[in-house]
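Since the structure comes first, as structure tokens, the remarks are kept for the end.
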Amino acid sequence: MTCLLCGAEGRRKIGDKNGYGIFECEACSFRFADPIPTPAELAAIYGKYGANDGYVRKTEAKVARTKKRLARYAHMAPGKRFLDVGCNMGTGVEAARLIGLDAHGIDVGEESIALARKLFPQGLYHAGPIASMPAEWGNFDFVYSSEVIEHLPELHDYYGALVARMKSGALLYITTPDAGHWRVPADFVSWDEVRPPKHLLFFSRTTMARFLDMHGLDVVKFEWNLKPGLKVLARKR
């Protein structure tokens, strides 16, 4: 198996977790799980996502928190068309709508999208992969992706399809666990964010910047974070 980020063949094993090997690329230092789950295994995980029950109880707080986050950067986008990728039950879509954005959300979980339509019916939603997103939605000015990228088994295919639906100059805001943070334990595999098959990919600032560059995106800023989480704002060239 080649590196899921750079495609190099050299890798070293750094441990095992939940029956999966955890590896580090010798060329770019990207860390990832192997083997990658099959489509059937992933469908079983995300078709009925158990975390939703807990999320529903936190909707008000999640909308408020995301609303503040989006408001910091919305003025930097070239327009108002907004997409929440991996929107779950729609709190990001609702937050975007409340600050005046034309809000859309997509998620592979049909249960999640059904919840979003029920809880926040003024947004537009689609259940399915990025490539299945309705053509009539057009292209977007501001894309938001919170705690999604670490789950992706087909990283480059996914982002190729996503970036194709972004306008030139569009913003992309990503959050994901930060594998390079000073608070990550020296025994990397013991870190609680290493939990395959749900978390498969482990980015640092360096590997994230490299990945975004590969897809025609430039890092605008990494937000400082006391906790081991990446928060990155990028812009499409």
Pairing a residue in the range 86-110 that is under 23 Å from Ala131 (Cα atoms) with any residue that is in a loop (DSSP other than H, G, I, E, B) and charged (D, E, K, R), where Cβ atoms lie under 7 Å and the two sit 6 or more apart in sequence or on different chains, gives Leu101/Lys80; Asp102/Lys80
Filter the range 41-82 for residues that are aliphatic (A, V, I, L, M) and more than 14 Å from Tyr144 (Cα to Cα); the one that is modelled with the lowest pLDDT is Ala51
Residues of the range 5-21 being over 18 Å from Pro197 (Cβ atoms) and in a strand (DSSP E or B), in sequence order, are Arg11, Arg12
Note on Ala33: of the conditions (1) at pLDDT 95 or above; (2) crowded, with 16+ Cβ neighbours inside 10 Å; (3) over 17 Å from the mean Cα position of the chain (by Cα); (4) more than 26 Å from Phe140 (Cα to Cα), unmet is (3)
> When you look at Gly86, is it small (Gly, Ala, Ser) and open to solvent by less than 10 Å² (accessible area, probe 1.4 Å), yes or no?
Replying inline: no
Within the range 75-116, restricting to residues that are among the acidic types (Asp, Glu) and within 14 Å of Asp141 (Cα to Cα), the one that is farthest from the chain's Cα centre (by Cα) is Asp102
| task | Could you tell me whether Glu24 is of a type in the set (D, E, K, R), at pLDDT 95 or above and outside any loop (DSSP other than H, G, I, E, B)? | result | yes
Checked the range 19-30 for anything under 21 Å from Val108 (Cβ atoms) and open to solvent by 70 Å² or more (accessible area, probe 1.4 Å); matches are none
Selection from the range 150-187 of residues assigned to a strand (DSSP E or B) and open to solvent by 30 Å² or more (accessible area, probe 1.4 Å) yields Lys167, Ser168
Per the filter on the range 201-218, residues part of a helix (DSSP H, G or I), in contact (Cβ under 8 Å) with a residue 24 or more places away in the chain and not hydrophobic (A, V, I, L, M, F, W, C) are Arg205, Thr206, Thr207, Arg210
Quick check: is even one residue across the range 121-142 exposed (fewer than 14 other Cβ atoms within 10 Å of the Cβ) and within 18 Å of Gly21 (Cα to Cα)?
-> no
Of (1) over 30 Å from Pro78 (Cα atoms); (2) open to solvent by 40 Å² or more (accessible area, probe 1.4 Å); (3) in contact (Cβ under 8 Å) with a residue 12 or more places away in the chain, Asp192 fails just (3)
Qualifying residue in the range 197-214 (condition: hydroxyl-bearing (Ser, Thr, Tyr), within 15 Å of Tyr144 (Cα to Cα), modelled with pLDDT of 95 or more and open to solvent by less than 40 Å² (accessible area, probe 1.4 Å))
no
Could you go through the range 219-237 and let me know if any residue there is assigned to a helix (DSSP H, G or I) and in contact (Cβ under 8 Å) with a residue 60 or more places away in the chain. no
Over the range 89-120, the set of residues basic (Lys, Arg) and surrounded by fewer than 18 Cβ atoms within 10 Å (Cβ to Cβ) is Arg117, Lys118
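The values are calculated or read from the model by the stated rules, or taken from the named source; none is laboratory data. Quantities reported herein were computed from a predicted structural model and do not represent experimental measurements. So basically every Cβ, Gly included, is an ideal-geometry build from the backbone, and we count neighbours across all protein chains shown. Remember, those area values only see protein heavy atoms, side chains included, never the ligands or the DNA or RNA. Shrake-Rupley method; radii C 1.70, N 1.55, O 1.52, S 1.80 Å.
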